[in-house]
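What follows is calculated from the coordinates using simple rules that are stated; it is not laboratory data. Computed from a prediction, not measured in an experiment: that's the story for all the values here. Cβ: placed from backbone, ideal geometry, glycine included. Neighbour counts: every protein chain shown.
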């Protein structure tokens, strides 16, 4: 039985096979792994209870879609205990897998170096379903800069506008989660949308084209198309794609199908650009060898 105020997440069904064939080296840059709770305890104060979603279950979906390389993102329910993340990277194999960790300013340089050796290439700030203070951003960015890491930022578009100057001043690249939570119905003149596109034009920011989180429609989420095309139009070399498997904390949204999400990318751009987004861009950011 669920604890009061904590959402029990359903598990995704099997993915459909996409209409478009995935290129060799296709990379899913955003998903989560959830192991056995007796081995990887969940943090108090969490918003949801994830279902058991281990590496073998992810691989079933990845084979159907055609995914070869992976980037696991530390979920908020594990806090700063990155052991599930690093164990999953080892299970996938560090040659074709990277991780995005969650840390606090108390971490030691030797602990950062160990995470690097274990395949971590960035840290996540979650300003939506976690309480990581954004005031830590400059300090942590300075700590990770010598490692060549980046900051992955999940934040609402209005808050991003408020801290845009701070974001531009950081000594590392910034990856914007979930299409920067842009308001899907807003015009390109809206200050929130304009700010995101301007940040993408600076050459310092990357975008994860995980659009269903901002959609107000059922699959295939066509209301996201114009914003996705606009982001790709201003920064095709800094766009990334991800499944967001196993699609946690949906809050009433329909369960996504990774095959449908994959085909969505091909509505937004031509095949050559899609290949860059799926293969070349993540190879550059995460250090995969093509």
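Some notes on this structure:
- For the condition under 21 Å from the mean Cα position of the chain (by Cα) and either in contact (Cβ under 8 Å) with a residue 40 or more places away in the chain or part of a loop (DSSP other than H, G, I, E, B) (or both), residue 18 qualifies.
- Verdict on residue 51 being closer than 21 Å to residue 250 by Cα and either touching a helix residue (DSSP H, G or I) at 6+ places or on another chain (Cβ under 7 Å) or in a loop (DSSP other than H, G, I, E, B) (or both): yes
- Filter pass, residue 173 being within 19 Å of residue 76 (Cβ to Cβ), touching a strand residue (DSSP E or B) at 6+ places or on another chain (Cβ under 9 Å) and touching a residue at least 24 places away in the same chain (Cβ under 8 Å): no
- Looking across segment 266-288, the residues that are surrounded by fewer than 18 Cβ atoms within 10 Å (Cβ to Cβ) and part of a loop (DSSP other than H, G, I, E, B) come down to 270, 287.
- Against the test of being in a helix (DSSP H, G or I), out of contact with any strand residue (DSSP E or B) (no Cβ under 7 Å at 6 or more places or on another chain) and within 18 Å of residue 133 (Cα to Cα), the options 159, 194 yield a single qualifying residue, 159.
- Scanning segment 209-222 for residues that are surrounded by 15 or more Cβ atoms within 10 Å (Cβ to Cβ) and either part of a helix (DSSP H, G or I) or out of contact with any strand residue (DSSP E or B) (no Cβ under 7 Å at 6 or more places or on another chain) (or both) yields 211, 212, 213, 214, 215, 219, 220, 221.
- Of the criteria (1) closer than 19 Å to residue 277 by Cα; (2) buried (at least 21 other Cβ atoms within 10 Å of the Cβ); (3) in contact with a helix residue (DSSP H, G or I) (Cβ under 9 Å, 6 or more places away or on another chain), which one residue 173 fails: (2)
- Every condition in (1) touching a helix residue (DSSP H, G or I) at 6+ places or on another chain (Cβ under 8 Å); (2) part of a helix (DSSP H, G or I); (3) within 25 Å of residue 243 (Cα to Cα) is met by residue 151 except one, and the failing one is (2).
- Index of the failed condition, residue 263 passing every other in (1) over 14 Å from residue 206 (Cβ atoms); (2) in a helix (DSSP H, G or I); (3) in contact with a strand residue (DSSP E or B) (Cβ under 9 Å, 6 or more places away or on another chain): (3)
- Within segment 245-256, considering residues that are surrounded by fewer than 23 Cβ atoms within 10 Å (Cβ to Cβ) and in contact (Cβ under 8 Å) with a residue 24 or more places away in the chain, the one farthest from residue 26 (Cα to Cα): 251
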